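Below: one structure, written as structure tokens.
The values are calculated or read from the model by the stated rules, or taken from the named source; none is laboratory data. Owing to the predicted nature of the structure, the values given are computational and were not obtained by experimental measurement. Heads up, the Cβs are rebuilt from the backbone with ideal geometry, glycines too, and the neighbour counts pull from every protein chain shown.
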Amino acid sequence: MTGDAPLAVELRGIVKHFPGVVANDGVDFDLRVGEVHALLGENGAGKSTLVKMIYGLVHPDEGQMAMAGTPYAPATPHEARAAGVAMVFQHFSLFDALDVAENVALPLLLLGRPDAARVGAVLDAVGLGNLGARMPAQLSGGQLQRVAIARAVVHNPALILADEPTGNLDPDTAMRVLSVLVAQVRDAGAACLLVTHSLAAAERADRVLRLTPEGIAPMPGAARQTA
């Protein structure tokens, strides 16, 4: 949360065009270890496209990315996970046929690092330690989002991308979920890019920015905004 902290991710001149649409046009962005950045913007401004590029779901037409000072260009989400990037989706994206513990364990299994003890510890951290055997259909929306956060942090990522993680939650549950996410960033020394439409959610961030198709600009009036 200081300019002295190491850079977690750097984006320079990121451009992404779709047929007839400019999603991102020259985006420059730095995010440091221990920081939560909230990224606001109108529908169509390119927020989700930007995080999908960092996660390897979409590929930029131009520009460079770096993780911890090393050039970074993931071709797939698996490559992103291997580089220490995790994603929390708005719609949870859990597997209905797997129980909570199995869902959380998936990133470790995909990376060839199964670790039941780590899964249990992360579930404890998000307050679901006694629900590992439950199926997703047996959980509330807030519990499902905490499972999604547990799955995102289980492999100790350096960068957490959260795309509207509270969009389907009531305000009280949303704040509890954000508290879990922020705590994980602080405790693990990670960084988080939080895409949101919610000013209440943005208030939990260290820095608040607005994305337009032309790039990232300071968010006027954001209490925690820094230059």
- request: Being in contact (Cβ under 8 Å) with a residue 12 or more places away in the chain, closer than 17 Å to Arg32 by Cβ and hydroxyl-bearing (Ser, Thr, Tyr) is the filter here, so list the residues in the range 48-86 that pass it.
  value: Tyr72
query: Would you say Asp124 is of a type in the set (Asp, Glu) and buried (at least 19 other Cβ atoms within 10 Å of the Cβ)?
result: no
message: The conditions are (1) more than 26 Å from Val21 (Cβ to Cβ); (2) of a type in the set (A, V, I, L, M, F, W, C); (3) assigned to a strand (DSSP E or B), and Val185 fails exactly one of them. Which is it?
response: (3)
statement: Just one listed residue, out of Arg113, Arg151, Arg118, is modelled with pLDDT of 90 or more, under 30 Å from Ala5 (Cα atoms) and under 13 Å from the mean Cα position of the chain (by Cα), and it is Arg151
message: Considering only residues that are assigned to a loop (DSSP other than H, G, I, E, B) and either touching a His at 6+ places or on another chain (Cβ under 8 Å) or buried (at least 19 other Cβ atoms within 10 Å of the Cβ) (or both), which ones fall in the range 46-72?
response: Gly46, Tyr55, Gly56, Pro60, Asp61, Tyr72
message: If I ask for residues that are in contact with a His (Cβ under 7 Å, 6 or more places away or on another chain), outside any loop (DSSP other than H, G, I, E, B) and more than 25 Å from Asn168 (Cβ to Cβ), which ones from the range 97-145 would you list?
response: Leu108, Leu110
statement: The residue that is nearest to Ala86 (Cα to Cα), considering only those in the range 124-147 that are modelled with pLDDT of 90 or more and among the aliphatic types (A, V, I, L, M), is Val147
query: Among (1) of a type outside the set (D, E, K, R); (2) outside any loop (DSSP other than H, G, I, E, B); (3) out of contact with any Pro (no Cβ under 7 Å at 6 or more places or on another chain), which single condition is Pro165 missing?
result: (2)
field: Subset tally (residues that are in contact with a Pro (Cβ under 7 Å, 6 or more places away or on another chain) and under 21 Å from Ala217 (Cβ atoms)) for the range 45-95
entry: 4
message: Can you go through Val195, Val208, Val177 and tell me which one is of a type in the set (A, V, I, L, M, F, W, C), under 23 Å from Val33 (Cβ atoms), buried (at least 19 other Cβ atoms within 10 Å of the Cβ) and out of contact with any strand residue (DSSP E or B) (no Cβ under 8 Å at 6 or more places or on another chain)?
response: Val177
- request: Could you tell me which residue of the range 175-199 is modelled with the lowest pLDDT, considering only residues that are under 26 Å from Gly44 (Cα atoms) and more than 12 Å from the chain's Cα centre (by Cα)?
  value: Val177
